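Engineer: Pasting a structure below so you can have a look.
The values are calculated or read from the model by the stated rules, or taken from the named source; none is laboratory data. None of these values were measured; they are calculated from a predicted model. Positions of Cβ are backbone-derived with ideal geometry, glycine not excepted, and every protein chain shown enters the neighbour counts.
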Amino acid sequence: VGLEVKPCDGFLHFTVWDTGTGISEEQRKLLFRPYQQLTNATPGEGTGLGLALTQKLAELHGGWIRVESTLNEGSRFTIALPLNIASQPTPVPSLPSPS
């Protein structure tokens, strides 16, 4: 398992990899669907929301996520977020104090 963080073409790339069982091309199509777990996943290890949420958050920030995998060799997930924010986020208003 490893992690690499580096700037690339105006984005900051976060790459996580492992040397596990890998993910088939067919299963990669299912990775970013909410509540979808792969057939080789250990039962009870989550709901299958992590990658779907990560993809949505990356896209909301103007970025993306990519997966590369080879069976019996491992997988690499790269999340890219823009280095320059086009506009400042709108502040969330405070809730009034309870009376």
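Engineer: Restricting to the range 64-99, and then to whatever is assigned to a loop (DSSP other than H, G, I, E, B) and surrounded by 10 or more Cβ atoms within 10 Å (Cβ to Cβ), can you tell me which residue is modelled with the lowest pLDDT? Write out each step before concluding.
Structural biologist: Let us first name the residues in the range 64-99 that are assigned to a loop (DSSP other than H, G, I, E, B), namely 71-73, 83-99.
Those left that are additionally surrounded by 10 or more Cβ atoms within 10 Å (Cβ to Cβ): 71, 73, 83, 85.
Details: Leu71: 91, Glu73: 94, Leu83: 92, Ile85: 67.
Here the answer is Ile85.
Engineer: Here is a further query. Within the range 6-32, can you find the residues that are more than 16 Å from Leu51 (Cβ to Cβ) and surrounded by 14 or more Cβ atoms within 10 Å (Cβ to Cβ)?
Structural biologist: Within the range 6-32, Phe11, Leu12, His13, Thr21 meet the criteria.
Engineer: Based on this model, can you work out whether Thr21 counts as over 15 Å from the mean Cα position of the chain (by Cα) and modelled with pLDDT of 90 or more?
Structural biologist: No: the conditions fail for Thr21.
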